[in-house]
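The values are calculated or read from the model by the stated rules, or taken from the named source; none is laboratory data. This one's a predicted model, so the numbers in the text were calculated from it and none came from an experiment. As a convention, Cβ positions derive from the backbone with ideal geometry for all residues, glycine included, and neighbour counts pool all protein chains shown. These accessible areas exclude ligands, DNA and RNA; they are computed on the full protein's heavy atoms, side chains included. Shrake-Rupley method; radii C 1.70, N 1.55, O 1.52, S 1.80 Å.
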Amino acid sequence: MNILVCISNVPDTTSKINFTQDNTKFDPTGVQFVINPNDEFGLTRAMWFKEKQGATVHVATVGGPNVESTMRKALAIGADEGIRINAEPTDGYFVAQQLAEVIKNGGYDLIIAGRESIDYNGGMVPGIIAATLDINFVNTCIGLEIEGENVKAIREIDGGKETLETSLPLIIGGQKGLVEESDLRIPNMRGIMMARQKKLNVLEPVDSDHATTDKSFDKPAPKGPVKLVDAENVEELIDLLHNEAKVI
C-alpha cells in the first residue's frame, strides 16, 4: 500500500503572531513552525500501516525552502520520502490543485490529510482533492482500518460517530482520534540522522488559479478586566451576569 500524507507547515500555537504592510501580510519573524497537528495525527497513523502492513509512506507539502525543516521532522518520524512543491501556499484551492497533481502521478492508494490546518482553518483541501481526482473521501475521520482494498472508517458527526465502509483509493480528512496525543512520536537521534539521507524531492508547481486573496488580518480583541466576586455573594454574581455580561 502506498500512502501519501499531506503536511502543512504552521505556526506553533505558543508563537506571538504579527502582521505587516498595514495588516495585509503575515510576519514570520521569530515564529516557530511545526507540523500541523491534524496532519501529525495522520502521519502517526500512516506509521502504523507501515509497521504492521508494510506500507510505503511519502509526505508532501506546498511551500518554499523554509518548510524543509518541518519536512525533515516528518522524515525523522519515519516517512520514507518527501515531496515539496516549490510555491507559496496562498490559498486552499491552489494547495489542493498542487497536491492533486502529485497524487495523480504518484499511484497512491491512501491519501491522509488533516481535516484543517490550525493557521487558516479553511478545512477545504482534502475535499477539493477528492473532487478533482474523483476518489472516495471521508472527512473528520477518527478511525481507519484497511484490509486489501476494503476500508472501514469512522468519522465524527454532530452528537456521535458514523461508521462507513468504502474502498481504495481513498482520501481522508483526519484529526485526533486516528491516534491519541500520547501516540505521537518524537524523532530520536537515529531517526534524525536517517532523515538526512532520505530523498526530499522539489517539484515546480503546475499552473493553477488562486481562488481567494487575503485583504487584511485582524487580531482578536484583547480580553477585558476580570471582576472577582466572593463565593458567598451569589446575588451580586447573578446581577453581574444578567446586567453586565448579559449571559443570563
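Local charge for Thr13 was computed over the other residues whose Cβ lies under 15 Å away, with Lys and Arg +1 and Asp and Glu -1, and equals -3.
Could you give the C-alpha radius of gyration of the chain expressed as a fraction of 2.2 N^0.38 Å, taking N as the number of residues it contains? For the chain, the normalised Cα radius of gyration comes out at 1.18. So which of Lys52/Lys152; Lys52/Lys104; Lys223/Lys246; Lys176/Lys198 end up more than 24 Å apart, counting from Cα to Cα? Violating the 24 Å Cα-Cα cut-off are Lys52/Lys104; Lys176/Lys198.
Would you work out if the range 135-220 is rounded, prolate or oblate? Take a ≥ b ≥ c from the square roots of the eigenvalues of the alpha-carbon gyration tensor; rounded if a/c is under 1.5, else prolate when a/b is larger than b/c, oblate otherwise. Judged from the Cα gyration tensor, the range 135-220 comes out rounded (a/c under 1.5).
When Asp134, Asp239 are compared by accessible area of protein heavy atoms, the largest-first order is Asp134, Asp239, using a 1.4 Å probe.
Counting charges near Gln197 (Lys, Arg +1; Asp, Glu -1) among other residues having Cβ under 13 Å from its Cβ returns a value of +3. Of the solvent-accessible surface of the chain, computed with a 1.4 Å probe and all protein chains present, 49% belongs to carbon and sulfur.
Couplings 3J(HN,Hα) for the range 225-234, derived from phi with the Karplus relation 6.51 cos²θ - 1.76 cosθ + 1.60 (θ = phi - 60°), are x, 9, 9, 9, 10, 4, 4, 7, 9, 5 Hz, where x marks Gly and Pro. Here Asp12 and Glu149 are evaluated by their C-beta separation; at R0 = 35 Å the FRET efficiency comes out at 0.35. The residues of the range 50-192 expose on average 48 square angstrom of accessible surface per residue, using a 1.4 Å probe on protein heavy atoms. Dividing the summed helix terms, -39500 (n - 2.57) for each DSSP H run of n ≥ 4, by the number of residues in the chain produces a 222 nm estimate of -7500 deg cm²/dmol to the nearest 500. Per-residue SASA remark: Glu145, around 110 Å² accessible (1.4 Å probe; ligands, DNA and RNA not included). Surface calculation, 1.4 Å probe, protein heavy atoms: Met194 sits at approximately 90 Å² accessible.
Here the simple spin-label model places points 7 Å from the Cα toward Cβ, and for Lys215 and Glu236 these points are separated by 4.6 nm. Entry comment: accessible area of the range 198-248 is 94 Å² per residue, from protein heavy atoms only and a probe of 1.4 Å.
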